[in-house]
Amino acid sequence: MKKALITGVTGQDGAYLAEFLLNKGYEVHGIIRRASSFNTGRIDHLYQDPHVDNRRFILHHGDLTDSTNVIRIMQAVQPDEVYNLGAQSHVKVSFETPEYTADTVGLGSLRILEAIRILGLEKKTKFYQASTSELYGLVQETPQTERTPFYPRSPYAVAKLYAYWITINYREAYGIYGCNGILFNHESPVRGETFVSRKITRALTRIMLGLQPKLFLGNMDAKRDWGHAKDYVEMQWLMLQQDTPKDYVIATGRQYSVRHLVETASAAMGLSIAWQGKGEAEVGVIDRIDQERFQNLVRATIQAQAPEPGTPIIEVDPRYYRPTEVETLLGDPGKARRELGWEPRISFEEMVREMVVSDLMLAAKDRLCLDNGFGTFEHHE
Ligand code: NDP
Ligand code: GDR
């Protein structure tokens, strides 16, 4: 039975990858951080009681900033494959916590690679590095391929640049099987609530149920190549199953603006938005609500309780602008398609719809509680 170790197992990709590897018959180990409240919501469905025999999903407390801890876990697990997904992964937050971001994202990768060396696992342990389209930053060519020059535009992206090159350096210097997956944005119903896709689906569903008055966004002209996390974790595994370690771009080859994402999510619920004004003064007002479409989507007794047509529900808030922005990203997944036979299966529209349905269910629970006198649910980002 193959053993995999996942850093960042409690995150979006970690949860999908753990499930994928368990289904492939792996024994899966994950590193989780000690927190003052439960942080395992995304992997609770995979949890196995430590008191049962033959467990195949095992969690270890740890942190990428702690090299002794990383070495000890690697020594205990002796993994065949390490997936390094752990990171302070929020680009905007990295401007506020640049040193911590560099430590987890940049040095965190080095600590695992060093653990492989120190423990003499160079010939046994394959290493996957979660690299990112943010490396392209101020893009030098469109679409971006494995050969497009990098120009990182945030402390996060600069830290990922170090992680990218240290992976290649350890591959060349010590013969470690190390790969970079240069993944473009990928989302899902368990995407972190402060990334733009989930922020949009969460806020719009809550607005439709009268739980939140407005959605505040930053740069709505930003364009991204958005795929589904479920498709992308399969590729992370595929990269480690080859004879030779290589780096691959993983993307859909299609690009949309943040504004289009808002429109797609709204349309899935029968809500149409009319845009008024420009720049920081731009607002999105409710144009029309197709009640029948809304009802068909949820197939439950919950009623839409949105404000009247003409009400502004989307506003620009410059606090969400970044000091240096990545305006446009579009990937060319040709190498992955040709060499690994990989194609994304889930379309942008299907993914957004899945996120809307999931967030509507969560909002409906809050609505039901509120209607029955439990809680106020004022929290929104
Ligand atoms: P998430 O932010 O959802 O998850 C990040 C994970 O890293 C969480 O499990 C988090 O733990 C953990 N983590 C954070 N800091 C530390 C630390 N100091 N030590 C150990 N673990 C830590 O990210 P995603 O799942 O979306 O992304 C996975 C990886 O892929 C990240 O490295 C990200 O930078 C990269 N990436 C993501 C893309 C995307 O579009 N999603 C695209 C390209 C790259 P906790 O739950 O406790 O916070
Ligand atoms: P990104 O994702 O920075 O590409 O990094 P995010 O969803 O945060 O932003 C995408 C684009 O939307 C614009 N935007 C907003 N973003 C957020 N978060 N909140 C807003 O209110 C908002 N309004 C507009 C942003 O300016 C940006 O242009 C993600 C992370 O998962 C990284 O870890 C990963 O490496 C890259 O994707 C690929």
Whole-number percent relative contact order across the chain, with pairs defined as alpha carbons under 8 Å at least 6 apart:
17 percent
Go through the stretch 78-93 residue by residue and turn each phi into a ³J(HN,Hα) via Karplus (6.51, -1.76, 1.60, θ = phi - 60°); whole Hz please, and just put x for glycine and proline.
6, x, 7, 9, 10, 10, 8, 9, x, 5, 7, 9, 8, 4, 5, 5
Note, the stretch 205-214: 3J(HN,Hα) by Karplus (6.51, -1.76, 1.60, θ = phi - 60°), whole Hz, Gly/Pro = x, goes 5, 6, 5, 5, 9, x, 9, 8, x, 8
Efficiency by 1/(1 + (r/R0)^6): what FRET value for E292 and H90, r their Cβ-Cβ distance, R0 = 30 Å, to the nearest 0.05?
0.20
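Which percentage, to the nearest 5, of the DSSP beta bridges contained in the chain is antiparallel? Don't skip to the answer; put the middle values down first.
Numbers: 11 of 45 bridges.
Percentage antiparallel, nearest 5: 25.
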Using packing as a proxy for protection, rank 318-331, 81-94 so that the peptide with the highest average count of other Cβ atoms within 10 Å comes first.
81-94, 318-331
Cβ-based exposure ranking for D243, D13, in which fewest neighbours within 10 Å come first
D243, D13
Which order do D103, D53, D287 fall in if you start with the one that has the fewest other Cβ atoms within 10 Å?
D53, D287, D103
Ordering of 199-211, 33-45 by burial proxy (mean other Cβ atoms within 10 Å per residue, highest first):
199-211, 33-45
Among the listed pairs K223/K246; K24/K365; K2/K246; K230/K335; K24/K124, which are separated by more than 23 Å between their Cα atoms?
K223/K246; K24/K365
At a Cα cut-off below 13 Å, give the aspartates and glutamates reachable from K3, other chains included and same-chain residues fewer than 8 away excluded.
E27, D80, E81
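How large is the helix-only mean residue ellipticity at 222 nm for the chain, computed as the sum of -39500 (n - 2.57) over DSSP H runs with n ≥ 4, divided by its residue count, in deg cm²/dmol to the nearest 500?
On the way: 12 runs with 138 residues, N = 381.
Only helices count here, giving -11000 deg cm²/dmol.
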Which whole-Hz ³J(HN,Hα) couplings does the stretch 2-7 yield from phi under the Karplus relation 6.51 cos²θ - 1.76 cosθ + 1.60, θ = phi - 60°, glycine and proline marked x?
6, 10, 10, 10, 10, 8
Rounded, prolate or oblate (a/c below 1.5 giving rounded, otherwise prolate when a/b exceeds b/c) for the stretch 3-183 by Cα gyration tensor:
prolate
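For V283 and R72, FRET efficiency with R0 = 45 Å and r from the beta-carbon atoms, rounded to 0.05?
Values: r = 54 Å, r/R0 = 1.19.
Efficiency, rounded to the nearest 0.05: 0.25.
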What angle, in degrees between 0 and 90 and rounded to the nearest 10, separates the Cα long axis of helix 348-371 from the longest principal axis of the Cα atoms of the chain?
60 degrees
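No value in this document is a laboratory result; all are computed from the given coordinates. Since the structure is predicted, the reported quantities are computational estimates derived from the model, not experimental observations. Glycine also receives a Cβ, built like all others from the backbone with ideal geometry; neighbour counts cover every protein chain displayed.
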